[in-house]
Amino acid sequence: CGGNPLFRSSVTAVFDDQLHGFILDALEKVSAPVKTLCDRIWDKRVQDNPSLYNASKFRLAAVKLKQSTDASKNDNELLSDEYLELCTGLTDYKTFICTNSSSNLVLSKTDLFDIEQLLPSSIITRTLGEGLKSLGKAICNNYRAFISDCLGVSGIVTTSDNYVILIKRSGITGEFQGFIDCPGGHPEPDQALDSASNITGDSFVVELFDSILEEIVEEINIPKKYLSDPVLLGIARQRLSNGRPVAAFKIRCALDASSVQMLYEKGDSTESVRIIFLPSNCVLQDNRGSLLPSLQKDLANLTPGCAFALDQFWKVCGKRLCN
């Protein structure tokens, strides 16, 4: 989805723990060799990057754009507004790495045989992502039944002097090492518990919007008091991560770029190696010719989530930036 920006009050959610993405347990019942393949992928990732660890995450199963009517104005006049309903469940980071992040892995002949023997003979697969989607369709009539679809968040943060804050990802991140990105991460289920220690649709929405603020505080070292409440710019699936969903937000920072630079240098985040300030009117790719060659080179290596967030930001704010 992506149109008019939405405030917290225009986003609702249905949380259903049956919409789970603990796909590896289901895969083990369907095919132990496929489950073993996913375990090997995770073990290799952790061996290469010991900072990785598994934890529960939110799964986004569906997005519905709805119309609400409010008859409070008078008996004869209805007010119509759009709102977003998110259908969510649970998954975990290991499942995301195995079923989304590693989807382009070309299968060996043995692994290919283990998957194809469960599929109709007319189905041909080559990569893990293709195989998992074909298995989901054949067994559950749902292409995404065996895909984690862990929900990510990405934030377009603008400074008081109209720069967009970007970062260069470090080598210890789980994916897209060395790429240019927006501050972001994931909403955390253990932060969405209500007073009864349950997750509800309402508590999910609170955590969804709060999580991007927490990521900005942790990654850029900007105190929360200088950040506006986020507005949701849109949600998209990342093709390079087998359709992994990411929610893009816009946040206004009350500090200028030089102040943010000083705060970043005092921080201790290990997820990035450099902060980048992109003039707001150069967000659109066609307007980047005046940038330094080094910055133009950086912007050729954007993560898919960052590229989507910048695109949505321009659609919503671009005309105002050029005036």
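The values are calculated or read from the model by the stated rules, or taken from the named source; none is laboratory data. Everything numeric in this text was worked out from a predicted model, so none of it was measured. Don't worry about glycine lacking a Cβ; one is built from the backbone with ideal geometry, like all the others, and counts go over all protein chains shown. Please note that ligands, DNA and RNA were not included when accessible areas were found on the heavy atoms of the full protein model with its side chains. Shrake-Rupley method; radii C 1.70, N 1.55, O 1.52, S 1.80 Å.
Take the Cα of SER68, go 7 Å toward its beta carbon, and the backbone nitrogen atoms of segment 190-213 under 16 Å from that spot belong to 201-206, 209. The spread of Cα positions in segment 149-250, taken along each principal axis and listed from longest to shortest, comes to 40, 36, 26 Å. The alpha-carbon of LYS168 sits under 16 angstrom from the alpha-carbons of these aspartates and glutamates, leaving out residues fewer than 8 places away in its chain: ASP181, GLU215, GLU218, GLU219, GLU265, ASP268, GLU271, ASP298.
Label sites at LYS266 and ASN162, each approximated as a point 7 angstrom past Cα along Cα to Cβ, lie 2.8 nm apart.
Stretched out straight at 0.36 nm per residue, the stretch from LYS29 to SER10 would grow longer than its current Cα-Cα span by 2.9 nm.
Using a probe radius of 1.4 angstrom, the carbon and sulfur fraction of the accessible surface of the chain is 50%. Rolling a 1.4 Å probe over the protein heavy atoms gives the chain an accessible area of 49 Å² per residue.
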